[in-house]
Structure formats: structure tokens, C-alpha cells
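Step one of this worksheet: look at the structure below.
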Amino acid sequence: MRYVSTRGAAGDVPVGFCDILLEGLAPDGGLYVPESYPQVSAGTLEEWRGVLATQGYAELAFRVLSLFIDDIPAADLQAICARAYAAEAFGSRLVVPATPLAGRLWLLHLSNGPTAAFKDVAMQLLGELFAYELARRGSTLNILGATSGDTGSAAEYAMRGKPGVTVFMLTPAGRMSAFQQAQMFSIDDPHIVNIAVDGVFDDCQDLVKDLAGDLAFKRRWRLGAVNSINLARLLAQVVYYVAGWLQATSGPGQPVSFAVPSGNFGNICAGHVARRMGVPIDTLILATNENNVLHEFFSTGVYQVRGAADTYATSSPSMDISKASNFERFVFDLLGRDGARVRDLFGSPEFAATGRFDLSGTPGFAGLRERFGIVSGTSAHADRVATIARVHAETGVTIDPHTADAVKVATDLIEGVAEPVLVHETALPVKFAATIREALGHAPEVPAVFAGIEGLPRHVVDLPDDAAVLKEFIATRLTALAAG
Ligand SMILES: *Cc1c(COP(=O)(O)O)cnc(C)c1O
């Protein structure tokens with residue numbers, strides 16, 4: 001399998017997985033996508049049903065990822081998957097168990113990993129892949145990332161202790177929950193560097209893009225990425241759509257739908273890939289919170305990025321995103337995989353100036369629901385609170401605010417979609433205690449591993465929203481680390 005850029009031209013040479021594992025954007029500013037989607041037959045899916053049941057998620061991951069990764073020897077990839085998806089790290093060999101919730105809804109439990117968010121599933125694999133590839137090359141890597149909450153802690157827990165890896169993680173100062181801050185800032189490791197930026201998440205992401213765009217700086221300091229545009233993360237996420245389908249069905253061809261709380265279009269993009277591969281996914285229900293640029297696109301055809309001032313701080317903060325960094329991968333498919341058209345849209349001076357394009361009235365947009373199976377809806381704070389309370393009253397299950405956004409939108413849209421609908425549980429409620437308390441009148445249960453975390457000393461550096469200052473800081477810190 002080879003990979004191409006979403007902004008590529010006909011003459012470009014596709015590249016292998018390991019060549020881009022440690023990269024972020026393609027050199028032309030686009031995102032890497034598989035040259036074509038591997039097709040999975042009904043027979044293979046039935047074989048995988050046995051694999052998941054008898055051997056567990058790690059082996060399923062190996063089978064699925066083997067379709068995308070052919071430049072790591074099979075035995076090595078199998079061992080990487082076994083280390084990434086150990087039952088001890090995720091609480092069970094299934095890693096992502098699916099349970100019926102109520103009526104036509106199921107929960108796909110994606111947040112049983114070390115930091116209690118779905119991002120662990122991809123990040124644990126990425127940590128192992130990075131360690132493997134860096135050792136193979138005799139190289140080191142300094143990861144620069146931005147997070148509005150869960151990416152940062154998932155990355156830090158996946159990368160800590162991995163030889164050759166240092167992490168610089170930017171967070172929007174004061175915008176994460178107390179628990180999320182504690183998870184990250186309590187890590188006491190010189191190679192895990194937390195930076196609180198005076199701005200919102202999009203400012204942090206812009207700083208990352210700014211530094212990654214300075215090729216000399218990037219090369220000099222060996223900067224790499226783990227944000228959601230990383231190709232390996234996308235591929236890792238495809239696996240749990242397969243695992244979800246397998247658990248909610250009993251035989252070939254049975255359709256399911258998924259409801260996915262969305263911000264960067266990362267998680268749901270993997271569902272799109274799984275659907276293109278032939279997994280019988282009927283509908284992908286995209287749920288946004290008040291920051292609903294994606295819902296706006298899927299309901300009107302207009303994509304309008306919003307600035308920091310128009311990005312609300314909500315009670316599902318990991319979706320407080322107004323510039324969906326993975327969306328370009330979907331648009332590439334929507335436009336018939338025409339790199340020149342994608343470049344005209346996302347790379348144009350107009351888009352840089354206005355952050356807007358309009359695909360309404362194009363044939364691609366008109367047939368979107370039928371061809372891609374995506375529908376969307378939006379949810380607000382009062383919906384989350386009411387949904388958390390209702391689900392708890394009806395089932396005894398406490399769901400987190402992001403999962404609640406997806407349950408709300410799935411409930412709104414359920415009439416038109418095939419059931420069962422697997423709602424992605426993207427975080428555990430313990431991460432968002434204030435909203436749970438508002439909804440239920442009591443705090444969420446604290447899993448034993450997280451007890452007392454908010455009382456630990458904090459390791460974090462405050463910086464302004466300024467690329468030059470950030471560069472200076474990174475250079476100084478890495479020089480000090482190298483000197484021991
Ligand atoms: C990151 C995150 C999301 C949004 O996922 P995207 O891939 O950015 O669309 C939703 N819920 C939680 C809990 C998250 O951490």
C-alpha cells in the first residue's frame with residue numbers, strides 16, 4: 001500500500017507507510033491518504049469475527065493494519081499490536097467492548113485505555129510504531145502537538161519512557177477540565193513538556209502548523225507530529241469500526257450505524273474509510289456541539305472555518321474546534337480524489353483569507369448522503385445535561401458529555417438509519433466531573449487508577465501565543481536535555 005497527498009498532482013510518486021509515519025502534512029500542504037482503499041470481503045469479515053472472539057483485539061488490529069502497512073515485517077507488526085493492545089492497558093482483551101444501551105442504541109466503549117479517552121486506542125499504537133521505527137533508523141524525534149484535552153494526555157502516556165522521544169504539548173490555558181489538566185501536568189518526566197498557551201485550541205494548532213511549516217527549524221530540531229492528521233492514527237481508528245461491527249452483528253452483511261461525537265473529523269474519517277473498505281456500515285451520524293462547522297457543512301454544503309473569537313468553550317471541550325483538520329481527507333473523496341480541485345479549495349488564497357468554500361449545488365454534495373452515508377446534527381449544553389440525566393435514569397449508565405452529544409444527535413436522527421446504532425463512548429465521565437454533577441447531582445465514579453491525581457504537583461510552562469517565543473523555548477529545552 002502506498003500513500004498520496006490530498007493535494008497531489010498526477011506525476012507525484014506515492015510513498016510508503018514508514019516514510020510518512022513520523023511526518024505530519026505532506027510537503028504540498030495536503031494530508032496523506034491511501035492510494036486506494038483495500039477491499040474487505042464478507043468472508044474475511046467472518047474470519048475476523050473468529051479472530052476477535054478467540055484471539056482478541058490485538059490480533060484483529062494486526063489483520064486490519066496489514067492491509068495498510070506492508071513495510072514492517074509481519075511478525076514485527078504483530079508484536080507491535082500485541083504490545084499496544086495489551087489487555088492490562090485496556091481492561092479487557094476486547095479493548096473496545098460494545099454493550100447494548102437502550103432501544104436501538106449501543107455503546108462502543110472506546111475509552112478504557114490509560115487516559116480514559118478514545119484517543120488512547122490510536123495513540124498506544126503510535127507510541128509503539130514510533131519506538132520501533134526510531135530504533136530501526138537509530139534516530140530520535142521531538143513531538144510537537146496541540147490539544148484541547150484528550151490528545152495531549154493520550155500522547156504523553158503513549159510516548160513517556162519511549163527511548164528517543166520527547167514531547168512538547170501545547171494546551172489552551174485554562175480551557176481543559178481540572179482532571180484533564182491534572183492528567184497531563186502531573187507527569188514528572190523531563191522528556192514530557194507541557195506548555196500552556198495564552199489562547200484557544202485553534203491558536204495552539206496554528207502554532208504547530210507554523211513551526212512545522214518552517215522546514216529548517218523542523219529539520220534542525222527533528223520535529224514530528226501526533227495530532228489527528230497523523231496517518232497512523234487514522235488507520236488505527238479504522239480497526240475499532242470493524243470491532244464494533246463484529247460485536248453488534250452475528251453474520252455477513254448485517255448493517256450497523258455509528259454515532260460519532262466530532263471535532264476534527266478524525267474519528268469519523270476512520271469510519272468513512274471502514275465503510276469504503278466494505279464494512280457494512282449504513283450511516284455515520286456526525287454529532288457536533290455548539291461549535292458546529294461540520295454540521296453546517298453536511299446540512300448546507302458551506303464549509304466556514306471560524307476564528308478563535310467565534311469558538312465557544314463548551315462542556316464537551318474536546319470538540320471545541322472550528323477548523324476540522326482531517327476534513328480535507330473526506331473532501332478529497334467527495335471530489336472524486338481530484339488533488340487539483342482539493343488544492344484549489346484548501347490551498348487557495350481565497351480560502352486562506354475567508355476560511356470558506358461552498359460545495360452546495362455541486363453533484364458531489366447533492367449525492368453525499370447516498371454515497372457516503374453521513375448525516376449530521378448538533379447538540380448544546382442543555383441537551384448534554386438532559387441526555388446524561390435521561391440515560392442515567394433509564395439505564396443506570398453514566399455517560400460523559402461528548403458521548404451525550406452523540407446520543408442526543410443519534411436519538412434525533414434515528415428514524416432514517418439502519419440499527420443498531422453504535423454510539424462512540426469517547427471519554428469516561430470522570431474527566432468531566434462538573435457537567436456530570438450538574439446533570440446527576442453527584443460526582444462521577446473515580447476509577448481507582450485516577451484517585452488523588454488532582455492533588456499532585458503540576459509540571460507546565462506558560463507561554464504567549466507567539467511562534468518565535470515557542471521556537472526559542474524548544475531550542476533551549478532540547479539543548480539542555482541533550483547536555484543532560
Ligand atoms: C478528540 C475527541 C473527540 C473528537 O474527535 P475528532 O476525531 O477530533 O472528531 C470527541 N470526544 C472526545 C472525548 C475527544 O477526546
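The values are calculated or read from the model by the stated rules, or taken from the named source; none is laboratory data. For clarity, every value in this text was computed on a predicted model and none was experimentally measured. FYI the Cβ positions are ideal-geometry reconstructions off the backbone, even for glycines, and counts take in every protein chain you see. For the accessible areas, the whole protein counts, side chains as well, though only heavy atoms, and no ligand, DNA or RNA atoms are used. Shrake-Rupley method; radii C 1.70, N 1.55, O 1.52, S 1.80 Å.
Roughly how many debye, to the nearest 20, is the charge dipole of the chain about its Cα centre, given +1 on each Lys and Arg Cβ, -1 on each Asp and Glu Cβ, and no other charges? Mind dumping the intermediate values first?
Numbers: 38 positive and 52 negative charges, 133 e Å.
For the chain, the charge dipole is close to 640 debye.
Compute the relative contact order of the chain as a whole-number percentage, counting only Cα pairs closer than 8 Å that sit 6 or more residues apart in sequence. All intermediate terms of the calculation are to be shown ahead of the outcome.
Working: 943 pairs, mean separation 92.5, N = 484.
Result for the chain is 19 percent.
Return the Rg/Rh ratio of segment 31-101 with Cα-based radii and a Kirkwood Rh. Don't skip to the end; give the middle numbers.
Numbers: Rg = 13.4 Å, Rh = 13.4 Å.
With Rg and the Kirkwood Rh in hand, the quotient comes to 1.00.
Using r as the Cβ-Cβ distance of Arg390 and Thr54, and R0 as 41 Å, what FRET efficiency do you calculate, to the nearest 0.05? Before the final figure, lay out each step's value.
Values: r = 37 Å, r/R0 = 0.91.
Taking R0 as 41 Å, the efficiency between Arg390 and Thr54 is 0.65.
Could you tell me which residue out of His402, His424, Ser360 lies farthest along the dipole of segment 346-427 toward its positive end? Charges go on the beta carbon: Lys and Arg +1, Asp and Glu -1, centred on the Cα centre.
Toward the positive end, the furthest listed residue is Ser360.
Calculate the length of the line joining the C-alpha centroid of segment 255-322 to that of segment 207-254, in whole Å.
16
Under 13 Å from the Cβ of Val121, count the other residues' Cβ atoms, weight Lys and Arg +1, Asp and Glu -1, and hand me the total. Write out the running numbers ahead of the final one.
Working: positive: Lys119, Arg233; negative: Asp120, Glu128, Asp150, Glu425.
Cβ neighbours under 13 Å give a net charge of -2.
Can you check what the net charge comes to around Gly396, using other residues whose Cβ is under 14 Å from the Cβ of Gly396 (Lys, Arg +1; Asp, Glu -1)? Could you put the intermediate results ahead of the total?
Working: positive: Arg390; negative: Glu394, Glu445.
Summing Lys/Arg as +1 and Asp/Glu as -1 gives -1.
What are the trypsin sites (Lys or Arg not before Pro) within segment 92-132 that DSSP puts in a loop, where the Cβ has at most 16 other Cβ atoms within 10 Å?
Details: sites: Arg93, Arg104, Lys119; in loops: Arg93, Arg104.
Within segment 92-132, the qualifying trypsin sites (Lys or Arg not before Pro) (loop, at most 16 other Cβ atoms within 10 Å) are Arg104.
Given a 1.4 angstrom probe, I'd like the percentage of the accessible area of segment 92-221 that is carbon and sulfur, rounded to a whole number. Could the numbers behind the result be given before it?
Values: 2070 of 4010 Å².
Using a 1.4 Å probe with all protein chains present, segment 92-221 comes out at 52 percent carbon and sulfur.
Mind pulling the per residue volume of the convex hull built on the Cα atoms of segment 64-192? Å³ is fine.
Details: hull volume 17.3 nm³, N = 129.
About 134 Å³ per residue, rounded to a whole number.
How do Phe365, Phe327 stack up against each other in accessible area, from largest to smallest, with a 1.4 angstrom probe? Could you put the intermediate results ahead of the total?
Numbers: Phe365 35, Phe327 0 Å².
Ranked from most to least accessible, the order is Phe365, Phe327.
Report the full-extension gain for the segment Arg220 to Thr354: residue separation times 0.36 nm, less the Cα-Cα distance, to one decimal in nm. List each step's numbers first, then the result.
Values: separation 134, 0.36 × 134 = 48.24 nm, distance 3.30 nm.
In short, 44.9 nm is gained.
Pop a pseudo-label 7 angstrom from the Cα along the beta-carbon direction at both Ala42 and Asp71 and give the gap in nm to one decimal.
Spacing of the two 7 Å Cα→Cβ label points: 3.7 nm.
Could you give me the percent of Cα pairs per 10 Å distance bin for segment 1-127, shortest bin first, beginning at zero and ending with the bin that holds the maximum distance?
11, 33, 35, 17, 3, 0
Determine the shape class of segment 386-484: with a ≥ b ≥ c the square roots of the Cα gyration tensor eigenvalues, call it rounded for a/c under 1.5, and otherwise prolate if a/b is greater than b/c, oblate otherwise.
Numbers: a/c = 3.22, a/b = 2.00, b/c = 1.61.
Since a/c reaches 1.5 and a/b is larger than b/c, the shape of segment 386-484 is classed as prolate.
Once every DSSP H run of n ≥ 4 in the chain is given -39500 (n - 2.57) and the sum is divided by its residues, what mean residue ellipticity at 222 nm do you get, rounded to the nearest 500 deg cm²/dmol? Walk me through the numbers before you get to the answer.
Working: 22 runs with 220 residues, N = 484.
Result for the chain, helices only: -13500 deg cm²/dmol.
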